Amino acid sequence: MVVVCVALLVLCAANVPSPINVKLKFPESWPIPTYDFTTNPLTAEGIALGRKLFYDPILSSDSIVSCSSCHLSFTAFTHVDHAVSHGVGDSIGTRNSLALMNLAWSRSFMWDGAVNHLDMQALAPINHPDEMGETTAHVVAKLQRTNIYPQLFENVYGDATITGERMLKALSQFELTLISANSKYDRVMQKTEAFTEQETNGYALFKTNCSACHQEPLFTTGEFANNGLPIDTVFNDFGRMLITKDPADSLKFKIPTLRNIEFSFPYMHDGRFKSLRNVLDHYTECIQHSSTLAPELQNGLTLSKNERTDVVAFLLTLSDREFCFNQDHGYPREQ
């Protein structure tokens with residue numbers, strides 16, 4: 001009998017096709033990703049599972065909120081209809097959601113860097129009472145009870161066991177494929193297109209005034225900085241200091257990428273600015289000095305109104321419509 005059972009198990013395992021390996025595609029000129037793919041190799045099945053989980057409200061306690069509720073593909077994987085994120089039971093958070101793209105190069109996550117690995121990032125919103133309001137263990141149990149997920153996990157991992165680690169790594173696989181690298185800026189760098197005169201001037205001004213924090217080609221250093229915003233008296237959010245407890249980190253927030261900035265309004269960690277012009281007006285006229293202010297902003301930016309317009313013209317060249325409207329990134333409709 002034991003021999004028969006073993007034989008059946010071997011036969012069943014043999015019927016599960018091996019996952020199809022996928023290599024992440026990105027420009028050769030870009031730096032090497034910081035994500036360690038040897039611990040979570042990309043496969044077509046893993047990416048598809050992560051994509052399904054990303055759009056499935058089963059991850060929330062009310063089965064209404066999914067990852068995509070705050071990270072809409074058409075708007076560079078963030079929300080644009082309110083300043084701070086909304087969660088289960090009409091709860092309201094304290095921060096604007098970060099846009100999701102080029103995450104293989106990120107060393108920290110969340111505005112305050114509370115998470116230091118992509119595979120762990122989803123734990124924060126899933127378990128936060130004002131976001132998805134769930135527990136990881138209960139989400140796993142719900143997934144295991146469905147008719148579809150055990151098979152999808154088996155397709156990826158070789159057996160139908162669902163664990164928190166497997167769920168999180170599948171989510172990472174999908175998110176890692178969110179590569180934005182086909183904006184007009186990218187085509188100009190590849191010498192297949194050219195900036196207008198205004199965009200050229202804006203690019204020069206950008207390199208002089210903004211690139212210290214928003215370094216090409218990812219348009220972020222991934223570091224944290226105090227950019228001179230007055231503290232919001234409603235949220236009293238001190239940013240990175242809430243994690244490190246170090247006063248030197250007071251009012252420091254993660255420097256976001258500027259790629260697809262056209263689509264990812266409102267801006268700043270609390271969504272206080274609705275337009276790019278508002279942002280540039282802040283950096284030129286409204287910097288609030290404190291002991292932790294970024295050194296690059298000690299004297300503010302000196303940009304005339306026309307120069308601010310030129311910088312905005314350049315920033316709009318970072319829009320990647322192919323990325324935002326890529327059907328491979330959207331809701332996985334049933335075939």
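The values are calculated or read from the model by the stated rules, or taken from the named source; none is laboratory data. The model shown is predicted, which means the values in this text are computed figures rather than measured ones. Virtual Cβ from ideal backbone geometry, glycine too; neighbours counted across all protein chains shown. For the accessible areas, the whole protein counts, side chains as well, though only heavy atoms, and no ligand, DNA or RNA atoms are used. Shrake-Rupley method; radii C 1.70, N 1.55, O 1.52, S 1.80 Å.
Listed conditions (1) surrounded by fewer than 12 Cβ atoms within 10 Å (Cβ to Cβ); (2) part of a helix (DSSP H, G or I); (3) charged (D, E, K, R) are all met by ARG333, apart from (2).
Close contacts from segment 24-39, counting a first residue that is touching a residue at least 24 places away in the same chain (Cβ under 8 Å) and a second that is small (Gly, Ala, Ser) and in a loop (DSSP other than H, G, I, E, B), with Cβ to Cβ under 9 Å and a gap of 6+ residues or different chains, come to LYS25/ALA181; PHE26/ALA181; PRO27/ALA181; TRP30/ALA181; THR34/SER106; THR34/GLY222; TYR35/SER106. For ALA104, the conditions (1) hydrophobic (A, V, I, L, M, F, W, C); (2) closer than 22 Å to GLY330 by Cβ; (3) free of Cβ contacts under 8 Å to residues at least 40 places away in the same chain all hold with the exception of (3).
Among the residues making up segment 268-305, those that are of a type in the set (Ser, Thr, Tyr) and closer than 27 Å to HIS79 by Cβ are SER275, TYR283. Candidates are the residues of segment 167-219 that are β-branched (Val, Ile, Thr) and open to solvent by 30 Å² or more (accessible area, probe 1.4 Å); the one that is farthest from TRP30 (Cα to Cα) is THR196. Looking only at segment 201-242, which residues are under 15 Å from THR317 (Cα atoms), in contact with a Lys or Arg (Cβ under 9 Å, 6 or more places away or on another chain) and free of Cβ contacts under 8 Å to residues at least 40 places away in the same chain? Result: GLU216, single match.
Here GLY239, GLY222 are screened, and the one residue that is more than 30 Å from GLN327 (Cβ to Cβ) and open to solvent by less than 30 Å² (accessible area, probe 1.4 Å) is GLY239. Looking only at residues in segment 301-329 that are part of a helix (DSSP H, G or I) and of a type in the set (Ser, Thr, Tyr), the one that is farthest from the chain's Cα centre (by Cα) is THR309. Within segment 256-275, residues that are touching a residue at least 12 places away in the same chain (Cβ under 8 Å) and surrounded by 19 or more Cβ atoms within 10 Å (Cβ to Cβ) sit with their Cβ atoms under 6 Å from residues that are acidic (Asp, Glu) and part of a loop (DSSP other than H, G, I, E, B), at 6+ positions apart or across chains, in these pairs: ASN260/ASP320; ASP270/ASP232. Applying the condition of being open to solvent by 20 Å² or more (accessible area, probe 1.4 Å) and hydroxyl-bearing (Ser, Thr, Tyr) to segment 92-142 and asking which residue is modelled with the lowest pLDDT yields THR94. For first residues located in segment 294-319 and within 18 Å of GLN198 (Cβ to Cβ), partners that are open to solvent by 50 Å² or more (accessible area, probe 1.4 Å) and lie 6+ apart or on another chain with Cβ distances below 7 Å form the pairs ARG308/ARG277; ASP310/GLN198; ASP310/ASN201; VAL312/ARG277; ALA313/GLN198; LEU316/GLU262; SER319/GLU262.
Would you confirm, using the coordinates I've provided, whether VAL156 is over 20 Å from SER73 (Cα atoms), part of a helix (DSSP H, G or I) and in contact with a strand residue (DSSP E or B) (Cβ under 9 Å, 6 or more places away or on another chain)? For VAL156, the condition - over 20 Å from SER73 (Cα atoms), part of a helix (DSSP H, G or I) and in contact with a strand residue (DSSP E or B) (Cβ under 9 Å, 6 or more places away or on another chain) - is met. Among the residues of segment 52-83, those identified as under 14 Å from the mean Cα position of the chain (by Cα) and touching a residue at least 24 places away in the same chain (Cβ under 8 Å) are PHE54, CYS67, SER68, CYS70, HIS71, SER73, PHE74, THR75, ALA76, PHE77, THR78. Has segment 286-294 got at least one residue that is closer than 27 Å to MET189 by Cβ, surrounded by 16 or more Cβ atoms within 10 Å (Cβ to Cβ) and not β-branched (Val, Ile, Thr)? Yes: segment 286-294 contains one or more residues that are closer than 27 Å to MET189 by Cβ, surrounded by 16 or more Cβ atoms within 10 Å (Cβ to Cβ) and not β-branched (Val, Ile, Thr). Summed over segment 171-194, the residues that are under 15 Å from the mean Cα position of the chain (by Cα) and not hydroxyl-bearing (Ser, Thr, Tyr) give a count of 8.
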